[in-house]
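The values are calculated or read from the model by the stated rules, or taken from the named source; none is laboratory data. Predicted, not measured: the structure shown is a model, and the values here were computed from it. Here Cβ is always computed from backbone atoms with ideal geometry, including for glycine, and neighbour counts include all displayed protein chains. Each accessible area value is taken on the protein alone, full model and side chains, heavy atoms only, with ligands, DNA and RNA left out. Shrake-Rupley method; radii C 1.70, N 1.55, O 1.52, S 1.80 Å.
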Amino acid sequence: MRRLPADAIRLHESDLAIIPIEQAGFVILNFTLQFVPATRRASLLHRIYEGMLPGAALVLSEKVCFENPAQQAQMTQLHHAFKRANGYSDLEIAQKRTALENMMIPETTVQHHERLSSVGFSTIVQWFQCFNFVSILAVK
């Protein structure tokens, strides 16, 4: 097993709109794009792609929505039941939903896959889903 030296990994906490991405071997975006205006998502991903090394990977995790209203309702219901089972009250669930309304704009997995492909990623695989949350691996 190959071990990386401690200085080979750098964590950055910054405004994604301005942080330079240079010679990145691995990029993680956890529940980020859903808060970026839809009109800026492709250019942001393109900038990240351009700053990645050949063969580098991006893990994109996002809340998603579904085109089918029945499927969307079912996933929302299951997610709320999960929250209740973990101690959230109905009031807390409602307050969080209200707080995020119009600030968080989720998209379908198809939209994410199409955008990743359009910016140049050659391999795009959804490797995880729980209710309406997914993680996608995209390789340059």
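Quick notes on this one:
- Exactly one residue out of F31, F26 is open to solvent by 80 Å² or more (accessible area, probe 1.4 Å), over 22 Å from M104 (Cα atoms) and at pLDDT 90 or above: that is F26.
- In region 75-85 there is no residue that is open to solvent by 30 Å² or more (accessible area, probe 1.4 Å), modelled with pLDDT of 90 or more and within 29 Å of I9 (Cα to Cα).
- Screening E101, E22 for residues that are in contact (Cβ under 8 Å) with a residue 24 or more places away in the chain and not small (G, A, S) leaves exactly one candidate, E22.
- Residue count, region 49-58 (criterion: surrounded by 14 or more Cβ atoms within 10 Å (Cβ to Cβ) and either touching a residue at least 60 places away in the same chain (Cβ under 8 Å) or within 10 Å of the chain's Cα centre (by Cα) (or both)): 5
- Among the conditions (1) touching an Asp or Glu at 6+ places or on another chain (Cβ under 9 Å); (2) at pLDDT below 95; (3) of a type in the set (K, R), K96 misses just one, which is (1).
- You will find that of S43, S61, the residue that is within 16 Å of E114 (Cα to Cα), open to solvent by 40 Å² or more (accessible area, probe 1.4 Å) and outside any loop (DSSP other than H, G, I, E, B) is S43 and no other.
- L78 vs. criteria part of a strand (DSSP E or B) and out of contact with any Asp or Glu (no Cβ under 6 Å at 6 or more places or on another chain): no
- Selection from region 89-107 of residues that are surrounded by 15 or more Cβ atoms within 10 Å (Cβ to Cβ) and either hydroxyl-bearing (S, T, Y) or in a loop (DSSP other than H, G, I, E, B) (or both): I105, P106
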